[in-house]
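Structure record follows, encoded as structure tokens.
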Amino acid sequence: MEILGNPEASVEDHLVEGVRARRGWAAKMVDKGRRGAPDRECRFPRAVIVYVETKAKYGVLKKWQQNYHTDLRALGYFVLVLWTIPQVDGFLSAYDLGAYG
């Protein structure tokens, strides 16, 4: 399912589809006051929220992204960085097994 022009987009699209299949939605994140917000806020039934940054297979997190993720984790949120479709599938399987709720 990897798109040749933008492999990161294929990972993100797979995430969005998988969250939707679980009756949730993966909202696109925008924080106009600060750089580094994760790509998606995955909202699942029963108020489960997981923030996900998607990257191309060899993508690198910028320092401001790392800082934003650290701050979210300090507030008690789950924050994941997923580089591949199999990693997305692993995250969704873990969700299905109750790892995030």
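Among the residues of the range 49-69, just one is surrounded by fewer than 18 Cβ atoms within 10 Å (Cβ to Cβ), more than 14 Å from ARG35 (Cβ to Cβ) and modelled with pLDDT of 95 or more, namely ILE49.
Within the range 70-87, the residues that satisfy the criterion of being of a type in the set (A, V, I, L, M, F, W, C), out of contact with any Asp or Glu (no Cβ under 9 Å at 6 or more places or on another chain) and either open to solvent by 30 Å² or more (accessible area, probe 1.4 Å) or in contact (Cβ under 8 Å) with a residue 40 or more places away in the chain (or both) are ALA74, LEU75, PHE78.
Here the range 34-44 is the region considered, the condition is being open to solvent by 30 Å² or more (accessible area, probe 1.4 Å) and either more than 15 Å from LEU15 (Cβ to Cβ) or hydroxyl-bearing (Ser, Thr, Tyr) (or both), and the residue that is nearest to the chain's Cα centre (by Cα) is ARG35.
The values are calculated or read from the model by the stated rules, or taken from the named source; none is laboratory data. In this text, all values refer to a predicted model and were calculated from it rather than measured experimentally. Every residue, glycine as well, gets a Cβ built from its backbone with ideal geometry; the counts of neighbours run over all protein chains shown. Note: areas computed on protein heavy atoms with side chains; ligands, DNA, RNA excluded. Shrake-Rupley method; radii C 1.70, N 1.55, O 1.52, S 1.80 Å.
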